[in-house]
Ligand code: GLU
């Protein structure tokens, strides 16, 4: 384990079997699936609890410890009585911290009335979609996409319009394909750079083109999920939609959070900056559903965003080193096609060459789900099948774990691939 790392063993409890009564459930909830990343992490946890030697590359979270000054801030908040309800969409202390972060990192100036804070980006995005989608409204999502976008859109009664990107073009969206998919019903275009699951980082020029296409339709909003902003490699830079398209400020929602940059996944703090009318509505949704995110987490997030930022480049270099090691090992297998990874901490591996192959048990691999199952059974490594991200046959693996375990996991994947026989 590297000196930066803490114990990665997940705290997600093993899942319990469902107990019937499904017919009573709403159509809305029956339409969606359990988050595939979380489901695979639970599966890995169940196997670990049973004593199996499993390395989980399923869930996107850093293994680094939350910085000490952030933990101290949480401790102080708890000691000093910052333990009561706050405004549903965030206390002044955290909204001010978001303002400072946006000014410092993105040169963006927002008022506290234009900022929303909730329990993670997931809740922020849900509040935005729930505030705006009417039945039949369309939302454009580029695939491969983060697992929850499509389900959230459907849960809100919208229709996801999926626009594919491909391996050859580095999984970068094509503005012409976006233009073709837009209609008078397009309520949102969702952008995500650096991207989960592909690691693609949209160049400035491309982001500007995508914004121009989306912005040309006056009733369309643009959501830019920038949660992996600080995790870019090889000198790449990530650009905020707010910086590139200030003219679209009234229809843009910039989403970010502390989970990925500050190793704070469990603290659950995400935020958004956008037009006041939308922020007000998102607060209304939050006030009627969850209420405020934990006050103590808000204080911690404020300390993270306003305190020392010097560890970020150190973490970035550690991740780049891990990425390079993982890529080198995986590229050694003729069974896998492995992309460039300019950002985030995932590798989205093309497993098409494995489809149709036989396992040593003479089982045929028909889908990427079969491949993920095989890797879990044969290699004891948990990865997430591409279908959940709207692209098959692929698997996503996270390289946000300590160097030694990561190398071991990648070697095991390569060995398991070597044991396949062509169909
Ligand atoms: N964003 C992380 C991932 O993609 C966390 C899990 C989730 O929220 O789905 O693995």
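Points worth noting:
- Report summary: the helix-based calculation at 222 nm, which adds -39500 (n - 2.57) for every DSSP H run with n ≥ 4 and divides by the residues of the chain, gives -11500 deg cm²/dmol.
- Largest GNM mean-square fluctuation across 37, 289, 239, computed for the chain with C-alpha springs under 10 Å, falls on 289.
- Theoretical FRET efficiency, 1/(1+(r/R0)^6), r = Cβ-Cβ of residue 352 and residue 26, R0 35 Å, to 0.05: 0.40
- Label sites at residue 176 and residue 310, each approximated as a point 7 angstrom past Cα along Cα to Cβ, lie 5.0 nm apart.
- Maximal additional length on extending the residue 363-residue 113 stretch stands at 84.2 nm, based on 0.36 nm per residue less the C-alpha distance.
- Ranked by the mean number of other Cβ atoms within 10 Å of their residues, highest first, the peptides 137-147, 112-122 come out as 137-147, 112-122.
- Between 0 and 90°, nearest 10: helix 403-418 axis offset from the chain longest Cα axis: 50
- Each part gets one Cα centre, and for the stretch 234-249 versus the stretch 115-184 those centres are 19 Å apart.
- Protection proxy ranking of 225-236, 86-97, 179-190 - average other beta-carbon atoms within 10 Å, highest first: 86-97, 225-236, 179-190
- Spin-label pair residue 85-residue 407: with each label point 7 Å from Cα along the Cα-Cβ axis, the two points sit 5.4 nm from one another.
- Three-way shape label, the stretch 136-197, alpha-carbon gyration tensor, a/c 1.5: oblate
- Relative to the dominant Cα principal axis of the chain, helix 121-132 is inclined by about 60°.
- Simple spin-label estimate for residue 104 and residue 168 in nanometres, 7 Å along Cα-Cβ: 4.4
- If you plug the beta carbon distance of residue 328 and residue 34 into 1/(1 + (r/R0)^6) with R0 = 35 Å, you get a FRET efficiency near 0.55.
- Spatial extent of the chain: Rg and Dmax, with the Cα atoms as the point set, Å: 21.2, 65
- The chain: angle of helix 295-306 to the longest principal axis, Cα-based, in degrees nearest 10: 90
- Only Cα pairs under 8 Å and 6+ residues apart enter the sum, and on that basis the relative contact order of the chain stands at 22 percent.
- Ordering of 407-416, 72-81 by packing is 407-416, 72-81, highest average first (other Cβ atoms within 10 Å, averaged per residue).
Just so you know, all these numbers are worked out from the coordinates, no wet-lab data involved. Fair warning: this is a prediction, and the values are worked out from it, not measured in the lab. When we count neighbours, we look across all protein chains shown, and the Cβ atoms used for this are built from the backbone with ideal geometry, even at glycine.
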